[in-house]
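See structure below.
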Amino acid sequence: MLRLLRLALACCLMANLAAADAPADKKELITQCYIKGHEQNAKDGIYMGIKDVAQRESVTLAFDPLKGSKAGELAARWDVVLGFTPEG
């Protein structure tokens with residue numbers, strides 16, 4: 001679960017994870033997620049480049065108030081999928 005004290009939309013629309021110090025013989029993992037319903041999604045070239053609806057939904061997260069939070073934290077669940085094989 002991602003926890004955010006304050007979601008700074010103007011600063012960063014995407015949450016990025018990177019293994020920047022990966023050894024030379026390893027590939028780094030870089031991924032990102034998008035905020036469900038955010039108006040900037042429609043202007044994002046990477047996001048709009050995901051044509052398959054299921055794939056796009058897999059990187060779109062609903063950030064909701066964290067129950068019991070006194071600091072206004074938001075939370076989202078993100079199951080990172082390392083491979084995606086469409087059925088059909």
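Those residues that are among the hydrophobic types (A, V, I, L, M, F, W, C) and within 12 Å of the chain's Cα centre (by Cα), I need them from region 47-74; list them, please.
Scanning region 47-74 gives 59, 61, 62, 63.
Spot the failing condition for residue 40; the list is (1) free of Cβ contacts under 8 Å to residues at least 12 places away in the same chain; (2) in a helix (DSSP H, G or I), and only one is missed.
(1)
So that you can scan it fast, the table gives a plain yes or no per residue for (1) aromatic (Phe, Trp, Tyr); (2) at pLDDT 90 or above; (3) part of a strand (DSSP E or B):
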{"residue": "7", "(1), (2), (3)": "no, no, no"}
{"residue": "10", "(1), (2), (3)": "no, no, no"}
{"residue": "13", "(1), (2), (3)": "no, no, no"}
{"residue": "28", "(1), (2), (3)": "no, no, no"}
{"residue": "33", "(1), (2), (3)": "no, no, yes"}
{"residue": "46", "(1), (2), (3)": "no, yes, no"}
{"residue": "75", "(1), (2), (3)": "no, no, yes"}
{"residue": "81", "(1), (2), (3)": "no, no, no"}
{"residue": "85", "(1), (2), (3)": "no, no, no"}
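Only residues that are surrounded by 11 or more Cβ atoms within 10 Å (Cβ to Cβ) and in a strand (DSSP E or B): list them for region 48-73, please.
So the first thing to find is which residues in region 48-73 are surrounded by 11 or more Cβ atoms within 10 Å (Cβ to Cβ), and the list is 48, 50, 55-64, 66, 69, 72-73.
Correct list: 60, 61, 64.
The values are calculated or read from the model by the stated rules, or taken from the named source; none is laboratory data. Fair warning: this is a prediction, and the values are worked out from it, not measured in the lab. As a convention, Cβ positions derive from the backbone with ideal geometry for all residues, glycine included, and neighbour counts pool all protein chains shown.
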